Amino acid sequence: QVQLVESGGGLVQPGGSLRLSCAASGMIFSIYRMGWYRQAPGKQRELVASITSGGTTNYADSVKGRFTISRDNAKNMVYLQMNSLKPEDTAVYYCNARLPPTPETWGQGTQVTVSS
């Protein structure tokens, strides 16, 4: 059974940084496409960043140049380094694992709040 557990969220001031971590288990981690999504109150869940099994990354335009996704296949971990945070980055951030045609898996989410 695939499980994803996020950590690293919290309260940070505008311009600050946070690093989110996602620990994966119950899967052959290295072959999965991993992603970070976020959902702000009253808004739809949106893709923030993704990384394929081969290491190709993709970012939402709103976070390009500020966020970096990475993975450590030896540790079954995926990370999201978030710099220059803005109030509009406030959301619950979710880790996602995808390997079509199997069902995708979501973590429970971690709250990120950017406020002074």
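The values are calculated or read from the model by the stated rules, or taken from the named source; none is laboratory data. All figures in this text were calculated on a predicted structure; none of them were measured in a lab. Glycine also receives a Cβ, built like all others from the backbone with ideal geometry; neighbour counts cover every protein chain displayed. What goes into the accessible areas is simple: the full protein's heavy atoms, side chains included, and nothing from ligands, DNA or RNA. Shrake-Rupley method; radii C 1.70, N 1.55, O 1.52, S 1.80 Å.
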Inset, instruction - Heads up, I need the accessible area for residue 78: 1.4 angstrom probe, whole protein in place, Å², nearest 10. - result: 0
Inset, instruction - Could you state the accessible area per residue of the chain in Å², with a 1.4 Å probe and every protein chain left in place? - result: 52
Inset, instruction - Would you check the accessible area of residue 46, probe 1.4 Å, heavy atoms only, in square angstrom rounded to 10? - result: 80
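Can you give the extra length, in nm with one decimal, that the chain gains between residue 116 and residue 66 once fully stretched, where that is 0.36 nm per residue apart less the Cα-Cα distance? Write down the numbers at each step before the final one.
Numbers: separation 50, 0.36 × 50 = 18.00 nm, distance 1.89 nm.
So the extension gain works out to 16.1 nm.
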Inset, instruction - Starting from the Cα of residue 28, step 7 Å toward the Cβ, then list every residue of the range 44-87 with an amide N under 20 Å from that point. - result: 51-56, 71-78
Legend entry - Highest average packing first - 106-112, 12-18, Cβ atoms within 10 Å: 106-112, 12-18
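Which residues make up the longest stretch of the chain clear of trypsin sites (Lys or Arg not before Pro) that lie in a DSSP loop with no more than 14 other Cβ atoms within 10 Å, not counting the sites?
On the way: sites that count: 43, 64, 75.
Within the chain, the longest run free of exposed trypsin sites (Lys or Arg not before Pro) spans 1-42.
Could you please put 93, 59, 32 in sequence from largest to smallest accessible area, using a 1.4 Å probe? Don't jump to the answer; show the numbers that get you there.
Working: 93 0, 59 50, 32 25 Å².
Reading off the accessible areas and sorting them downward yields 59, 32, 93.
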Legend entry - Within straight-line cross-link reach of residue 43, lysines at Cα separation under 24 Å, skipping those fewer than 8 residues along the same chain: 64, 86
